[in-house]
Structures are given as C-alpha cells and as structure tokens.
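Heads up: the structure comes next, in structure tokens.
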Amino acid sequence: QVFASIGSSFYAESGSIATFLGVAEYGLYRSTNNGANWNRITINNGAGRREAPNDLEIGADNRLWMSTTRNVFGDAGGSIWSSINGSTFTFVNQIPNADRTEIEPSSTDATKFYALIDNSLNGQADIFITTNTFTTITALPEPDDADTGISATDFTRGQAFYDLVVEADPTNDAIVYI
C-alpha cells in the first residue's frame with residue numbers, strides 16, 4: 001500500500017481574485033498497485049467536511065497514524081486518526097488549538113508519540129507527548145534557542161505553519177529532534 005496526503009490551498013495577490021486550488025481533490029489517497037491507481041479515503045471531521053491530512057506515520061505496532069492540518073474551509077487541524085488496515089480510520093483525539101500537526105511515534109513503544117503543532121491562538125509551535133496513545137497529551141517545554149533575538153516561546157520564528165519537523169531517535173525515544 002502507498003499513501004499520499006494531498007492538500008489544498010488559497011491564493012490571492014493584493015487586488016486580485018482569490019483562487020482556491022485543490023478544494024475538490026484534497027484528502028488522503030491510497031494505492032494498492034504501486035501508484036498506478038489511487039482512491040481517496042473519506043475521513044470526515046466534526047463539521048461534516050473532509051479532514052486535511054498532514055502527516056502519516058507507522059507506529060511500533062504497525063498501525064498507520066494520521067494527523068491533520070486546517071482545511072480550506074477553516075476547520076481546525078490537530079485531529080489524530082489511526083488505522084489497522086489502511087482503509088478504515090478511527091478518530092483518536094483532538095489536540096486543542098492546533099492548525100498544522102506533525103506526529104512522531106516511538107520505534108519501540110506503541111503507546112508513545114510526540115506531537116508538534118502550529119498553535120492557532122498564537123501562531124507559534126507547541127510540543128506535546130503522549131504515553132497512552134493520545135488518550136491524554138502533555139505539553140513539553142520548548143527548546144532553549146541559542147538565538148537571544150527571538151522570543152523564548154517562538155523557536156520556529158513565526159514559521160510553525162511551514163517549518164515543523166519532529167523525529168525521535170530510533171534507539172532512544174527520549175531523544176527528539178525538532
């Protein structure tokens with residue numbers, strides 16, 4: 001199986017007509033024949049519209065995990081979904097105030113994940129951990145940035161909507177790279 005997370009976008013220059021790109025096409029797609037054909041998997045949010053997938057990860061137990069980003073209709077991101085078969089997804093939890101959401105599973109503990117979000121309230125990034133498969137999430141302190149010219153709470157320099165990467169060390173999941 002091959003999966004693709006397809007987004008959509010809004011574009012407008014000053015004084016020009018607004019253009020929405022990919023509104024009818026965004027979503028999660030799956031191919032079972034090495035990309036020759038693709039089928040969209042319908043995953044609807046609480047507003048009755050499709051979720052906008054952002055990150056796909058495979059957990060230590062071989063479950064497929066998906067996190068979401070804000071869609072073009074303004075519905076929040078931060079939804080966490082899982083699948084055991086790649087075709088049916090189950091809603092797990094919603095990370096509050098999240099627009100774009102990146103997740104990272106532990107490679108040794110199927111219940112442990114890190115999440116990095118673009119916080120819709122302040123436009124900055126927040127870091128979370130769960131040790132019970134997203135039943136609860138706990139905020140972590142932000143990294144100590146060596147650059148004293150930026151706010152201590154803005155390690156992404158206002159680019160959390162764009163620059164979010166989180167990876168755990170494959171042999172020691174207490175070490176995380178952001």
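The values are calculated or read from the model by the stated rules, or taken from the named source; none is laboratory data. All of these numbers come straight from a predicted model, not from anything done at the bench. Cβ atoms come from the backbone with ideal geometry, glycine included; neighbour counts cover every protein chain shown. Quick note on the areas: whole protein, heavy atoms, side chains included, nothing else; ligands and nucleic acids left out. Shrake-Rupley method; radii C 1.70, N 1.55, O 1.52, S 1.80 Å.
Those residues that are within 20 Å of the chain's Cα centre (by Cα) and either of a type outside the set (S, T, N, Q) or modelled with pLDDT under 95 (or both), I need them from region 135-152; list them, please. Steps first, answer last, please.
Residues of region 135-152 within 20 Å of the chain's Cα centre (by Cα): 135-143.
Across region 135-152, the qualifying residues are Ile137, Ala139, Leu140, Pro141, Glu142, Pro143.
Out of Ala146, Ala139, which single residue is open to solvent by 40 Å² or more (accessible area, probe 1.4 Å), of a type outside the set (D, E, K, R), under 24 Å from Asp169 (Cα atoms) and in a loop (DSSP other than H, G, I, E, B)?
Values: Ala139 fails: in a loop (DSSP other than H, G, I, E, B).
Ala146 is the lone residue from the list that is open to solvent by 40 Å² or more (accessible area, probe 1.4 Å), of a type outside the set (D, E, K, R), under 24 Å from Asp169 (Cα atoms) and in a loop (DSSP other than H, G, I, E, B).
Would you be able to tell me the number of residues in region 158-178 that are assigned to a loop (DSSP other than H, G, I, E, B), more than 23 Å from Asn71 (Cα to Cα) and open to solvent by 40 Å² or more (accessible area, probe 1.4 Å)?
Residues that pass the stated criteria total 6.
Working only within region 31-45, note down all residues that are among the hydroxyl-bearing types (Ser, Thr, Tyr) and touching a Ser or Thr at 6+ places or on another chain (Cβ under 7 Å). Break it down into steps so the answer makes sense when it comes.
In the first step, residues of region 31-45 are kept if they are among the hydroxyl-bearing types (Ser, Thr, Tyr); the result is 31-32, 42.
Hits for region 31-45: nothing passes.
Results for (1) modelled with pLDDT of 90 or more; (2) small (Gly, Ala, Ser), shown as yes or no for each residue.
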site	(1), (2)
Phe3	yes, no
Phe10	no, no
Ala24	no, yes
Leu28	yes, no
Trp38	yes, no
Thr42	yes, no
Arg49	yes, no
Thr68	yes, no
Trp81	yes, no
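Output the number of residues of region 75-104 satisfying the condition of being open to solvent by 10 Å² or more (accessible area, probe 1.4 Å) and either under 20 Å from Asp126 (Cα atoms) or among the acidic types (Asp, Glu) (or both).
Total satisfying the criteria: 12.
Against the condition farther than 22 Å from Ala115 by Cα, without any contact (Cβ under 8 Å) to a residue 60 or more places away in the chain and open to solvent by less than 60 Å² (accessible area, probe 1.4 Å), how does Gly15 come out, does it pass? Before the answer, list the steps.
Numbers: farther than 22 Å from Ala115 by Cα: yes; without any contact (Cβ under 8 Å) to a residue 60 or more places away in the chain: yes; open to solvent by less than 60 Å² (accessible area, probe 1.4 Å): no.
It is false that Gly15 is farther than 22 Å from Ala115 by Cα, without any contact (Cβ under 8 Å) to a residue 60 or more places away in the chain and open to solvent by less than 60 Å² (accessible area, probe 1.4 Å).
Do we find a residue being on the phi < 0 side of the Ramachandran plot and without any contact (Cβ under 8 Å) to a residue 24 or more places away in the chain anywhere in region 105-115? Step through it out loud before you land on a result.
Just the residues of region 105-115 that are on the phi < 0 side of the Ramachandran plot, to begin with: 105-115.
Checking the rest, the ones that are also without any contact (Cβ under 8 Å) to a residue 24 or more places away in the chain come to 111.
Scanning region 105-115, I find at least one residue that is on the phi < 0 side of the Ramachandran plot and without any contact (Cβ under 8 Å) to a residue 24 or more places away in the chain, so the answer is yes.
Can you name the number of the only condition in (1) assigned to a loop (DSSP other than H, G, I, E, B); (2) among the hydrophobic types (A, V, I, L, M, F, W, C); (3) under 19 Å from Ile6 (Cα atoms) that Trp81 fails?
Every listed condition holds for Trp81 apart from (1).
Answer with yes or no whether Gly123 is under 20 Å from Ala4 (Cα atoms), assigned to a loop (DSSP other than H, G, I, E, B), in contact (Cβ under 8 Å) with a residue 12 or more places away in the chain and not aromatic (Phe, Trp, Tyr).
So Gly123 fails the test.
For Gly123, work out the one condition from (1) modelled with pLDDT under 95; (2) in contact with a Phe, Trp or Tyr (Cβ under 8 Å, 6 or more places away or on another chain); (3) crowded, with 17+ Cβ neighbours inside 10 Å it doesn't fulfil.
(3)
Residue by residue through region 51-74, note down the ones that are over 25 Å from Asp109 (Cα atoms) and surrounded by fewer than 21 Cβ atoms within 10 Å (Cβ to Cβ).
Matches in region 51-74: Arg70, Val72, Phe73, Gly74.
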